[in-house]
Amino acid sequence: MDMSQLNYVAIIVAAVASFAIGSLWYSPVLFGKAWQKETGITDEKAKSANMGKIFGLALVLSLLISFNLAAFIGPTATFSFGLFAGAAAGIFWAMGALGITYLFEQKSTKLWLINGGYHAVTFTVMGGILGLWH
């Protein structure tokens, strides 16, 4: 594939969209408190974390995910195919991989649904953005 055909602005927007979704998903409005309970992360522990490192690396990883998804769906994908490919990647690849890891780490189904659900929704939105804006 000729990587010059990819829409790099759409790739950046899709990556940033994951932050917008995450800020709501992991807020007290949705699943923030349940996520904290399942992970054992207290407010104090969260405040003591190196947030620059966490958000910076999360942005780099989101950009890599978005770039990979854009290359996967191709530069001529439609909105509906982007949604489908993003949902399939989020549900079957991301949630599946987390599920395997969580089984061996003996983490809760609730945590898997919270974290996996975030990735399923995020990948779906990213795919939609990339499919719509090519």
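General observations
- Distance between modelled label sites at Thr76 and Phe92, nm, 7 Å Cα→Cβ extension: 2.3
- Dipole magnitude (debye, nearest 20) for the chain, charges at Cβ of Lys, Arg, Asp, Glu: 320
- The residue among Leu132, Phe81, Met95 whose Cα reaches farthest toward the positive pole of the charge dipole of the chain, with charges on the beta-carbon of Lys, Arg, Asp and Glu, is Met95.
- Within the chain, the whole DSSP H helices whose Cα atoms reach 27 Å or more along their own axis and whose mean Kyte-Doolittle score is at least 1.0 are 51-73.
- Classification of segment 38-134 by its C-alpha gyration tensor yields an oblate form. The axis ratio a/c (a ≥ b ≥ c) is 1.5 or more, and b/c is at least a/b.
- Local charge for Asp43 was computed over the other residues whose Cβ lies under 13 Å away, with Lys and Arg +1 and Asp and Glu -1, and equals +3.
Read-outs: derived from the displayed coordinates by stated rules, not from any lab. As the structure is a computational prediction, the values presented were derived from the model and not from experiment. Methodologically, a virtual Cβ is constructed for each residue, glycine included, from the backbone with ideal geometry; neighbour enumeration extends over all protein chains shown.
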